[in-house]
Amino acid sequence: MQQAKLKGSLRRIPSREDSSSTKSGLGIFGLVMIGIGGIIGAGFFLGCGVPIQAAGPAVLISFLVGGLMTAQVTGALTSVAVKHPVIGSFKVYADDYIGPFVGYLQGWIYYLTGVLTIASEAVAMGVFTKVWFPEIPLWVSSLTYSAIIVVINAFGVRSFDRVESFMTVVKISALVAFILFAAFVLLHGPVVSSTSSATASGSFGGKFFAHGVSGILRSMLIVIFAYAGIGVFATAAVDVKNGQKVERSAVWTVVLLTVLYVLSIFLLLSIESWTKMSTATSPFVLALMHNEGSWLAEGINGAILMASFSVMAGSVFSSTQILVSLGQSGEAPRLVNHVSKRGISYGGLAITAAGIGVAIGAAYALPSSVYNFLISASSFMTFFYWAVMLWTFLRWRKTQEGRTARISRLAFGAPYSTYLTLGLFVLLTIYALFEPSQRIAFYAFLVLVALLVIGYWFVRASRKSA
């Protein structure tokens, strides 16, 4: 019965495969590169300063726990997606296994998360640009980068998948280059300039739990932001049509991502004092400049700036795709339903562009750090739609198909680990409220949810009249 419902839920919405080569020929390595490339963005290279401030060196535990939670969500998502590779993925699953209201919220929250992610990446790119052009106002560079990405999506560049793959290689290479440089500094003795006190004071300083366990819990909101973007595997399930390939690539992606994060943060804390880190500049660039690696800092700064386009472009595309799915369900303005021959919804793209502008403008209007607000608000939304993914997985597991189906290795310990992860989401949300900037973002999240609930009543009324 559920399977029939899901087949009936299949909606024709634009796909990059409409205007480019299909991904069905991709191997495990190609899928892993797409997965990692869609997750690692400028947000990690800049945003990691926030959880480091909150937890101190114990942030390493935060990133390990974040990796485990990501594994549970990715495992739950791919388990269902492999059995039901429908376009619209987790939004459709929530519709059919939980109910239309939750599906409506899931679609819109994911869309708004995408908009905030794009805005945060644009702001981060503006911060990196200030390294070279400090006279350019941050809001000017942020809006300029956003406009460029929207224009790229509007033209539907056929070869952009290749560009994304190249940028993924550049991005990973930048992180690996930092790891190798930091390891060299540790093995051959610190090459520290007079401007750095990292070695003199000690990066860990004998205080691994600098802010106790509560610091770890408060840092988790932003750590989860660094892992967001795992929805790419639900899309891959549609495009690749090889369940085993998708599942194995998801496992490798989560493992490699966690290793890269933990190793790079460990080495970062080993060559630079954690007390000096913020989001005013990238902690990685700061550490390199303090250890006479300014030549590498310049290169990594440029590599991150370029590679951020891949995350932004992917977010614009997936957000617009979900918006079209909502439109075809009667849950979004009708103007998004018209899709061009290139597979582009210009109405959806226009709404997305307006949303990015509003997000950046609202962030500057609020009395808190622009970047901290954007990533905190995005993280609360990520908590929501990840929790719905887990809830959907639990409901699917109660069906006859779910009880007998093979689930992903990433969802180890399910359903007990699934319930534990859901409990962690609630606990981490509570602890995040101890941070003033994150509290403001939570209030903004509640306002958005309230507006969506009101909007749903209009959706129901429109359906009844139709």
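Loop-located trypsin sites (Lys or Arg not before Pro) in the stretch 388-466 (DSSP state other than H, G, I, E, B) with a sparse environment of at most 16 neighbouring Cβ atoms within 10 Å: K398, R406.
Averaged over residues, the count of other Cβ atoms within 10 Å places the peptides 328-340, 117-129 in the sequence 117-129, 328-340, highest first. Between F209 and L187, take the C-beta separation as r, use R0 = 25 Å, and let me know the FRET efficiency to the nearest 0.05. Efficiency, rounded to the nearest 0.05: 0.40. For the stretch 425-454, the set of chymotrypsin sites (Phe, Trp or Tyr not before Pro) satisfying both a DSSP loop assignment and a count of at most 16 other C-beta atoms within 10 Å is given as F434.
Computed extension gain for F133 through V169, at 0.36 nm per residue and net of the alpha carbon distance, reaches 10.4 nm.
Neighbours of V459 by Cβ distance under 15 Å: Lys/Arg scored +1, Asp/Glu scored -1, total +3. Eigenvalues of the alpha-carbon gyration tensor of the stretch 270-341, scaled by 5 and square-rooted, set the equivalent ellipsoid semi-axes at 43, 14, 7 angstrom, largest first.
Length gained on full extension, H338 to T144, computed as 0.36 nm times the residue gap minus the Cα-Cα distance: 67.2 nm. Scaled against 2.2 N^0.38 Å for its residue count N, the alpha carbon radius of gyration of the stretch 24-465 is 0.95. Each of V358 and F434 was given a label point 7 Å from its Cα along the Cα-to-Cβ line. The distance between the two points is 3.4 nm.
Roughly what % of Cα-Cα distances in the stretch 290-445 sit above 23 Å, to the whole percent? The proportion of pairs with Cα distances above 23 Å equals 61 percent. What chymotrypsin sites (Phe, Trp or Tyr not before Pro) does the stretch 34-85 have in DSSP loop regions with at most 10 other beta carbons within 10 Å? Filter output for the stretch 34-85: empty list. For an R0 of 35 angstrom, estimate the FRET efficiency from the Cβ-Cβ distance between L256 and L420 and round to the nearest 0.05. That gives a FRET efficiency of 0.90.
Read the figures in this text as sums done on the coordinates, not as results from a lab. Note that this is a predicted model, so its numbers are computed, not measured. Ideal geometry is used to build each Cβ from the backbone, glycine not excepted, and the neighbour counts take in all protein chains shown.
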